[in-house]
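The values are calculated or read from the model by the stated rules, or taken from the named source; none is laboratory data. Bear in mind the structure is a predicted one, so any value in this text is a computation, not a measurement. Here Cβ is always computed from backbone atoms with ideal geometry, including for glycine, and neighbour counts include all displayed protein chains.
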Amino acid sequence: MNAIPDAVLEVQELDVHFGGVQALRKLSFQVAPGKIVGVMGPNGAGKTTLFNLVTGVYRPSSGRILFGGRQLQGLSPARICRAGIGRTFQSGRPFANLTALENVLVGLHYGADARRLGAADAKRRGQEILEFVGLGKLGDRPVSSLNLTERKIVELARALATRPRILLLDEPLAGFNPLELEPAVRIVRRIRDELGITVMWIEHIMTVLMETCEHLIVLHHGEKLAEGSPGDVAADAAVGEAYFGKKGATGLG
Ligand SMILES: Nc1ncnc2c1ncn2[C@@H]1O[C@H](COP(=O)(O)OP(=O)(O)O)[C@@H](O)[C@H]1O
Ligand SMILES: [Mg+2]
């Protein structure tokens, strides 16, 4: 792939091991600004580990992570968030005892606007973010009273509230029923189209990634198996083999 001079995010030769398990091996890629980049790969491929490295939850064994050309190594997750990298969690980690709006306020006070917003402005901004994701009417509801879909959207709103330049989504649609997928995909598209936020998106529903992302990265056993446009990746024999255990194209595309 050609170098992207204005990459939002770049990882170079990233290695990480946990004891004997090498979770990522010499992983390198760049993320161009304004793109929705899908991250695919079977369970255990290293996708969540990648997000944990980028957000400072884990330290790499070796390699570099550059955000807007700046090295992130050694920064705390809080500093990395304030610098402009937002995320959601695969398992979903809302504050269940807080209301939906309070969850978003946590994001506002933790993120890039932390020192800028007074209480009234923060509340107004929080309500706007809930409306953006379609939960404007649920602000006063404790998150424990919401269904799984609503909770995951609250978590997305909380991540948005940190005012990221790049948003890392770890299986945001896991557990959604088929009817809930399309509205949620629309929210992700609007995050990029209307807010101009670059998105990296891990998801198991391949058709969703194929239809929504401009660029895909496929991980397998901690290594980059394929990278390119959805069409290129769907036609990649190695991807077909990793997913379906047979030689030939994926049948997707
Ligand atoms: N904190 C950790 N300690 C030990 N092993 C880990 C840790 N985090 C991830 N791993 C291992 O790294 C590999 C990749 O895991 P993960 O990134 O969660 O995969 P994915 O998100 O692609 O399903 C797995 O073998 C997993 O068990
Ligand atoms: Mg994962």
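The figures follow:
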{"quantity": "Index of the failed condition, Gly56 passing every other in (1) surrounded by 15 or more Cβ atoms within 10 Å (Cβ to Cβ); (2) within 15 Å of the chain's Cα centre (by Cα); (3) more than 15 Å from ligand 1 (Cβ to nearest atom)", "calculated": "(3)"}
{"quantity": "Scope region 66-81; condition over 16 Å from the mean Cα position of the chain (by Cα) and of a type outside the set (A, V, I, L, M); matching residues", "calculated": "Gly68, Gly69, Arg70, Gln71, Gln73, Gly74, Ser76, Arg79"}
{"quantity": "Answer residue from region 30-47, given it is more than 10 Å from ligand 2 (Cβ to nearest atom) and closer than 13 Å to Gly222 by Cα and is surrounded by the fewest Cβ atoms within 10 Å (Cβ to Cβ) among those", "calculated": "Pro42"}
{"quantity": "Condition check for Leu50: within 30 Å of Val133 (Cα to Cα) and either modelled with pLDDT under 95 or surrounded by fewer than 21 Cβ atoms within 10 Å (Cβ to Cβ) (or both)", "calculated": "no"}
{"quantity": "Residues satisfying the stated conditions in region 1-40, i.e. part of a loop (DSSP other than H, G, I, E, B) and modelled with pLDDT of 95 or more", "calculated": "Ala7, Val8, Ala32, Pro33, Gly34, Lys35"}
{"quantity": "Cβ-Cβ under 6 Å pairs, at least 6 apart or on other chains, region 63-78 side among the charged types (D, E, K, R), far side in a loop (DSSP other than H, G, I, E, B)", "calculated": "none"}
{"quantity": "Helices (runs of 4 or more DSSP H) wholly inside region 101-209 containing at least 2 residues that are buried (at least 17 other Cβ atoms within 10 Å of the Cβ) and touching a residue at least 60 places away in the same chain (Cβ under 8 Å)", "calculated": "148-161, 178-193"}
{"quantity": "Pair list, Cβ < 7 Å and 6+ apart or interchain, from region 33-48 residues that are in contact (Cβ under 8 Å) with a residue 40 or more places away in the chain to residues that are near ligand 1 (Cβ under 6 Å from one of its atoms) and assigned to a loop (DSSP other than H, G, I, E, B)", "calculated": "Lys47/Gly41"}
{"quantity": "Subset of region 72-88 [closer than 16 Å to Ile166 by Cβ, part of a loop (DSSP other than H, G, I, E, B) and at pLDDT 90 or above]", "calculated": "Leu75, Gly84, Thr88"}
